[in-house]
Amino acid sequence: MMTKLALFGAIHVDRRGKVISELSRFSEGADALFVEYPVDGLSFPTVGRALARAPVSALGMLLVTLLHMPGYALFNRDIFPAEVVAARKLHRERDIPLYPVDDHVISILGESSVLRTAVEWVVFLVILALDPVTTGATAGVVVGGWTALSLARRVHRLFWVVAVFPVLVGSYWLLSSQELLGWTLGYVALGAIFYTIFRTISHRNDVMVERIAERCEAEGYDRACLTTGRAHLAGLATAAEDRGVDVVASYVPSWLRKGDVVEGSVPARFGVRTVRGDLDTAGDVFGRRVVALFVDWGVLSVVTLVAGSSCAVLGRLVVGSDAALWAGFLVGAVLGWAAYWVGFEARSGQTVGKRVTGLVVVADDGASLSRRDAVVRTLLRPVDGIVGYVLGAVVAVLSDGGRRIGDHAAGTLVVRVEDE
């Protein structure tokens with residue numbers, strides 16, 4: 001008997017109640033729930049083995065986890081990804097079996113080969129030799145912060161929620177105020193873990209599908225539902241096809257909004273959800289655009305800082321002068337700023353600010369924004385932004401359809417998202 005599998009994709013940081021409601025509807029009729037979570041959980045010994053066998057990558061994983069925590073606290077209200085929270089709640093309410101099936105990156109790092117362990121330790125010791133004080137302090141704070149917050153969650157979920165911001169802000173203040181931020185270690189560690197995640201995602205997809213198939217065959221389950229991150233959907237569909245598992249439906253999520261149900265196994269369709277705009281609202285969204293702009297500025301402050309700092313460190317390491325450091329920061333910040341606007345608007349017509357405020361950029365005829373349109377809009381943002389966006393605001397107020405200068409040049413409109 002072929003196992004029927006429904007794939008529930010989720011964005012790890014999303015509204016808790018929304019994801020629970022979506023999974024509840026999507027998983028109706030499932031005999032068992034499976035979740036992208038380590039089979040043996042994330043224990044302190046597991047993390048310790050990862051730090052011993054792959055110190056740089058493991059520090060990167062802990063740093064990524066810490067960077068996720070503010071979003072988890074605000075939206076998920078728990079230390080776990082939204083889909084894990086939702087699956088556990090349904091497990092309790094429906095008394096439906098729940099099985100973790102992932103081979104987590106931390107577990108994989110704990111089983112690193114001798115060669116990888118040697119390379120990781122050489123890299124870590126080189127960074128430590130170049131800047132022992134900041135490297136040691138940063139590594140200690142990352143491990144200590146993760147440990148403290150993990151222990152806080154063991155006390156109580158709400159205690160963890162309350163502790164997240166004081167611990168993270170306090171840790172950053174401690175390092176920055178004492179000039180102990182180890183930027184080199186941070187960026188090398190992040191690069192190492194993202195490379196590891198990219199290289200292991202196919203293996204993890206295969207393992208999850210294999211474990212689901214084996215469990216369903218052993219327990220006699222006819223229909224199963226797997227909750228997983230959106231990035232796994234296409235790979236899981238392919239892995240399921242190779243294993244002879246029938247993917248009957250998939251849920252493609254949308255952040256803060258309703259997602260799409262895709263019938264059958266069609267990996268190519270797990271792309272960007274088309275967001276349609278209501279052309280009748282053109283010219284009636286000025287207030288929302290202002291709010292969206294403030295939200296985007298907040299996000300951009302982080303994007304430009306990270307991009308600029310990355311290029312600054314690279315410039316300093318390659319050239320070795322203060323001038324290269326500042327030039328690298330400027331180049332990185334500008335590239336990060338441009339990539340944010342072009343990337344988000346070309347992809348879906350929505351930046352983070354527009355998504356939050358229910359706006360979308362479309363072509364004059366309502367079609368999706370092209371990459372060229374997004375580039376033109378971005379190139380003219382500095383002109384619109386003269387005197388704190390006063391010029392762009394005046395042009396938008398006086399123009400038909402509320403267009404700023406960039407909209408006129410690109411032939412675009414900013415409108416409300418069409419009601420579904």
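The values are calculated or read from the model by the stated rules, or taken from the named source; none is laboratory data. Note that the structure is predicted; figures quoted are calculated from it, not measured. Backbone-built Cβ (ideal geometry, glycine too); neighbour counts: all protein chains shown.
Going by what's in this entry, would Val35 be described as assigned to a strand (DSSP E or B) and buried (at least 23 other Cβ atoms within 10 Å of the Cβ)?
Details: assigned to a strand (DSSP E or B): yes; buried (at least 23 other Cβ atoms within 10 Å of the Cβ): yes.
For Val35, the condition - assigned to a strand (DSSP E or B) and buried (at least 23 other Cβ atoms within 10 Å of the Cβ) - is met.
Val361 - would you say it is out of contact with any Cys (no Cβ under 9 Å at 6 or more places or on another chain) and surrounded by fewer than 21 Cβ atoms within 10 Å (Cβ to Cβ)? Before you say what the answer is, go through the steps one by one.
Details: out of contact with any Cys (no Cβ under 9 Å at 6 or more places or on another chain): yes; surrounded by fewer than 21 Cβ atoms within 10 Å (Cβ to Cβ): no.
No.
Of the conditions (1) assigned to a helix (DSSP H, G or I); (2) touching a helix residue (DSSP H, G or I) at 6+ places or on another chain (Cβ under 6 Å); (3) buried (at least 20 other Cβ atoms within 10 Å of the Cβ), Gly402 satisfies every one except a single condition; which number is it?
All conditions are met except number (1).
Out of the residues in the range 153-194 that are without any contact (Cβ under 8 Å) to a residue 12 or more places away in the chain and either surrounded by 15 or more Cβ atoms within 10 Å (Cβ to Cβ) or of a type in the set (Phe, Trp, Tyr) (or both), which is nearest to Thr46 (Cα to Cα)?
Only one residue tops the list, namely Phe159.
Within the range 300-318, does at least one residue satisfy the condition of being surrounded by fewer than 16 Cβ atoms within 10 Å (Cβ to Cβ) and at positive phi?
For the range 300-318, residues surrounded by fewer than 16 Cβ atoms within 10 Å (Cβ to Cβ) and at positive phi: absent.
Does Leu66 meet the test of being farther than 30 Å from Glu263 by Cβ, of a type outside the set (Val, Ile, Thr) and either in contact (Cβ under 8 Å) with a residue 12 or more places away in the chain or surrounded by fewer than 22 Cβ atoms within 10 Å (Cβ to Cβ) (or both)? Full working, then the answer.
Working: farther than 30 Å from Glu263 by Cβ: yes; of a type outside the set (Val, Ile, Thr): yes; either in contact (Cβ under 8 Å) with a residue 12 or more places away in the chain or surrounded by fewer than 22 Cβ atoms within 10 Å (Cβ to Cβ) (or both): yes.
Criteria met by Leu66.
Determine, yes or no, whether Trp146 is touching a residue at least 60 places away in the same chain (Cβ under 8 Å) and crowded, with 17+ Cβ neighbours inside 10 Å. Show your work before the answer.
Working: touching a residue at least 60 places away in the same chain (Cβ under 8 Å): yes; crowded, with 17+ Cβ neighbours inside 10 Å: yes.
So Trp146 fits the description; yes.
If Ser309 satisfies every condition in (1) more than 24 Å from Lys354 (Cα to Cα); (2) assigned by TED's automatic domain parsing to the domain that holds Val394; (3) within 24 Å of the chain's Cα centre (by Cα); (4) modelled with pLDDT of 85 or more but one, which is the exception?
Among (1) more than 24 Å from Lys354 (Cα to Cα); (2) assigned by TED's automatic domain parsing to the domain that holds Val394; (3) within 24 Å of the chain's Cα centre (by Cα); (4) modelled with pLDDT of 85 or more, the lone unmet condition for Ser309 is (4).
Anything in the range 76-111 that is in contact with a Gly (Cβ under 9 Å, 6 or more places away or on another chain) and surrounded by fewer than 20 Cβ atoms within 10 Å (Cβ to Cβ)? List them, or say none.
Listed by number, the residues that qualify are Pro100, Gly110.
Kindly indicate whether Val252 is over 25 Å from Arg16 (Cα atoms) and outside any helix (DSSP H, G or I). Steps first, answer last, please.
On the way: over 25 Å from Arg16 (Cα atoms): no; outside any helix (DSSP H, G or I): yes.
So Val252 does not fit the description; no.
Looking at this structure, is Ala86 at pLDDT 90 or above and touching a Leu at 6+ places or on another chain (Cβ under 7 Å)? Give the steps one after another, and end with the answer.
Details: at pLDDT 90 or above: yes; touching a Leu at 6+ places or on another chain (Cβ under 7 Å): yes.
Yes; evaluated as a whole, the condition is true for this residue.
Would the range 158-168 turn up any residue that is within 20 Å of Trp146 (Cα to Cα) and at pLDDT below 90?
Kept after step one, since they are within 20 Å of Trp146 (Cα to Cα), are these residues of the range 158-168: 158-168.
After this cut, where a residue has to be at pLDDT below 90 as well, the list is none.
Taking every residue of the range 158-168 in turn, none turns out to be within 20 Å of Trp146 (Cα to Cα) and at pLDDT below 90.
Every residue, every condition in (1) among the polar types (S, T, N, Q); (2) more than 23 Å from Phe75 (Cα to Cα); (3) assigned by TED's automatic domain parsing to the domain that holds Ala312, yes or no:
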{"residue": "Thr184", "(1), (2), (3)": "yes, yes, no"}
{"residue": "Phe198", "(1), (2), (3)": "no, yes, no"}
{"residue": "Gly229", "(1), (2), (3)": "no, no, no"}
{"residue": "Asp242", "(1), (2), (3)": "no, yes, no"}
{"residue": "Ser254", "(1), (2), (3)": "yes, no, no"}
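Which condition number does Ser24 fail, the rest of (1) within 26 Å of Leu158 (Cβ to Cβ); (2) among the small types (Gly, Ala, Ser); (3) crowded, with 22+ Cβ neighbours inside 10 Å being met?
It fails just one condition, (3).
Note down all Cβ pairs under 8 Å where the first residue falls in the range 388-400 and is farther than 11 Å from Val290 by Cα, the second is aromatic (Phe, Trp, Tyr) and surrounded by fewer than 16 Cβ atoms within 10 Å (Cβ to Cβ), and they're at least six residues apart or on different chains.
Ala396/Phe286; Val397/Phe286
Return yes when Leu226 is of a type outside the set (Val, Ile, Thr), touching a residue at least 12 places away in the same chain (Cβ under 8 Å) and farther than 30 Å from Asp246 by Cα and no when it is not. Reasoning before the result, please.
Values: of a type outside the set (Val, Ile, Thr): yes; touching a residue at least 12 places away in the same chain (Cβ under 8 Å): yes; farther than 30 Å from Asp246 by Cα: no.
Criteria not met by Leu226.
Identify, from the list Val414, Val313, the residue that is outside any helix (DSSP H, G or I) and either of a type in the set (A, V, I, L, M) or under 30 Å from Asp131 (Cα atoms) (or both). Show your work before the answer.
Working: Val313 fails: outside any helix (DSSP H, G or I).
Among Val414, Val313, only Val414 is outside any helix (DSSP H, G or I) and either of a type in the set (A, V, I, L, M) or under 30 Å from Asp131 (Cα atoms) (or both).
State yes or no: is Ala6 among the small types (Gly, Ala, Ser) and either touching a Gly at 6+ places or on another chain (Cβ under 7 Å) or surrounded by 19 or more Cβ atoms within 10 Å (Cβ to Cβ) (or both)? Before the answer, list the steps.
Numbers: among the small types (Gly, Ala, Ser): yes; either touching a Gly at 6+ places or on another chain (Cβ under 7 Å) or surrounded by 19 or more Cβ atoms within 10 Å (Cβ to Cβ) (or both): yes.
Yes: the conditions hold for Ala6.
Going through the range 324-359 one residue at a time, which ones are touching a residue at least 60 places away in the same chain (Cβ under 8 Å) and either of a type in the set (Gly, Ala, Ser) or outside the structural domain of Phe294 (by TED's automatic domain parsing) (or both)? Break it down into steps so the answer makes sense when it comes.
Residues of the range 324-359 touching a residue at least 60 places away in the same chain (Cβ under 8 Å): 347-350, 353-359.
Across the range 324-359, the qualifying residues are Ser348, Gly349, Gly353, Gly358.
Might you let me know whether the range 55-70 holds any residue that is at pLDDT 90 or above, within 30 Å of Asp222 (Cα to Cα), β-branched (Val, Ile, Thr) and assigned by TED's automatic domain parsing to the domain that holds Asp222?
So far as the range 55-70 goes, no, none of its residues is at pLDDT 90 or above, within 30 Å of Asp222 (Cα to Cα), β-branched (Val, Ile, Thr) and assigned by TED's automatic domain parsing to the domain that holds Asp222.
Inspect the range 231-239 for any residue being out of contact with any Cys (no Cβ under 8 Å at 6 or more places or on another chain), under 24 Å from Leu90 (Cα atoms), assigned to a loop (DSSP other than H, G, I, E, B) and of a type outside the set (S, T, N, Q) and give the result as yes or no.
Let us first name the residues in the range 231-239 that are out of contact with any Cys (no Cβ under 8 Å at 6 or more places or on another chain), namely 231-239.
Still in the list and also under 24 Å from Leu90 (Cα atoms): 231-233, 236-237.
Now drop any that are not assigned to a loop (DSSP other than H, G, I, E, B), which leaves none.
Scanning the range 231-239, I find no residue that is out of contact with any Cys (no Cβ under 8 Å at 6 or more places or on another chain), under 24 Å from Leu90 (Cα atoms), assigned to a loop (DSSP other than H, G, I, E, B) and of a type outside the set (S, T, N, Q), so the answer is no.
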